[in-house]
1. Quick check for you: which residues of the range 50-69 have the amide N under 16 Å from the point 7 Å beyond the Cα of Glu232 toward its beta carbon?
2. With the cut-off at 1.5 for a/c, could you classify the range 270-331 from its C-alpha gyration tensor as rounded, prolate or oblate?
3. Any idea how far apart Val320 and Glu112 come out in nm if each label point goes 7 Å out from Cα toward Cβ?
4. Relative to 2.2 N^0.38 Å, what does the C-alpha radius of gyration of the range 1-51 come to as a ratio? Two decimals please.
5. Gain in length, Arg304 to Asp362, computed as 0.36 nm per residue apart minus the alpha-carbon separation, to one decimal in nm?
6. Name all residues of the range 105-124 having a backbone nitrogen under 16 Å from the label point set 7 Å from the Cα of Lys164 along its Cα→Cβ direction, giving them as ranges.
7. With a cut-off of 18 Å, note down the residues of the range 322-358 whose backbone N falls inside the zone around a label point 7 Å from the Cα of Ala259 toward its beta carbon.
8. How are the C-alpha pair distances of the range 152-274 spread across 10 Å bins, as whole percents from the shortest bin up?
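The values are calculated or read from the model by the stated rules, or taken from the named source; none is laboratory data. Note that the structure is a prediction, hence the values are computed from the model and not measured. Neighbour counts are summed over all protein chains in view; Cβ atoms, including those assigned to glycine, are modelled from backbone coordinates with ideal geometry. Only protein heavy atoms, including side chains, enter the accessible area calculation; ligands, DNA and RNA are left aside. Shrake-Rupley method; radii C 1.70, N 1.55, O 1.52, S 1.80 Å.
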Amino acid sequence: MREHYLPYCLPSIGEAEIAEVVDSLRSGWVTTGPKVKRFEEDFQRYVGARHAIAVSSCTTALHLSLAAHQIGQGDEVIVPAMTFCATANVVVHLGARPVLVDVDENGLLDPEQLQKAITPKTRAIVPVHYAGQSCDLDRIWSLADQFRLHVVEDAAHAVGTTYKGRRIGGYHSAAAFSFYATKNMTTGEGGMVTTSDDALASRIRRLSLHGMSRDAWNRYSEKGSWYYEVTEPGYKGNMTDIQAAIGLHQLARLQGFIARRREIAGRYDRRLERLSSIELPKALSDRGHVYHLYPIRLKAGLDRSAFIESLKARRIGASVHFVPLYRHPYYRSLGYRPEQFPVAERIYSGTVSLPLYPGMTDADVEDVIAAVSDLAERPASGSEGTELEAVCN
Ligand SMILES: *Cc1c(COP(=O)(O)O)cnc(C)c1O
């Protein structure tokens, strides 16, 4: 038995992050300022985009990107059926209708189902790079070209993910990243939009700060000017220098984080492969997986709730990604039913995300492997156990 509870996830915050936050606090410049600017430049360079706009969350990044594409009343936006609620909620906030589409066996938006869901009202597609692995972007972009649709990538899991050799966010469509506490790098709360479309970038930036003209954040510095203009009623979604202070150092450490995540995933792959009652996540050959999640699938005979409870009893945390959108009362009220999404249903029924983060020690990883192996090999209660009892009687 473990001495300490192994949380499902933990951020890796170092002394450099702490010192940088203290520096911001002492400097007197606590909201959007020079550190946000530096963080944006570093991030834009890292993914290979022309622009990066730091915002308060990935939810805000998605919202502002769709707003900048002028999505609104009467429009339809296609989202995968199995994602975090934010992907679809922002579509609702803009007055448009989220159209849910089934995923493939890897939890990624299925291009064939996507094509079937396109109507004359469709304006945009929001593919989710689930678990840290890229969607089939070429097929999605080719449909988008054919039907003149915008693509806004939900890259909440995908900072550092590559698709055909290039990083997500460095291609032409807008991509929205998350720096929430559980994600591959964190600023506590925070997000980023990257794009190489100049007009789109300046629109998103303006919308992120009340619709005020450019560099409004700078108006209290020596070089700034008191005058600004509001060109449209924007939102309040800017990132603070306190968050960027953390982000600067997290980004510098990101490749190390990713390497450790891959190492742990590789160990899970090798050691859990022999278990016939669970399926492991697949890494596709033309995508660089960053393993934000390691979702295993329990086959019939293993009860998911009991499995997670038993892990917890062994002081190991686990989670489920995700309860599909159509299972939430609000999205059900839009008319969606589980029968319409057979693949998402199949995945959801048995999915369990194992702990996977850079701060895990090799001993932590071994504990997870031992616990999962033990639980997966145990006969389901009420079957073999009863038989044995019957024989003994
Ligand atoms: C975490 C997450 C979001 C939202 O990110 P925030 O930064 O918390 O707003 C959006 N989409 C997916 C798929 C996520 O996992």
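1. Those under the cut-off are 61-69.
2. oblate
3. For Val320 paired with Glu112, the spin-label model returns 2.8 nm.
4. It is 1.69.
5. Difference between extended and current length: 18.3 nm.
6. Hits in the range 105-124 for Lys164 at 16 Å: 111.
7. Answer for this model: 357-358.
8. With 10 Å bins starting at 0, P(r) equals 12, 32, 33, 15, 6, 2, 0.
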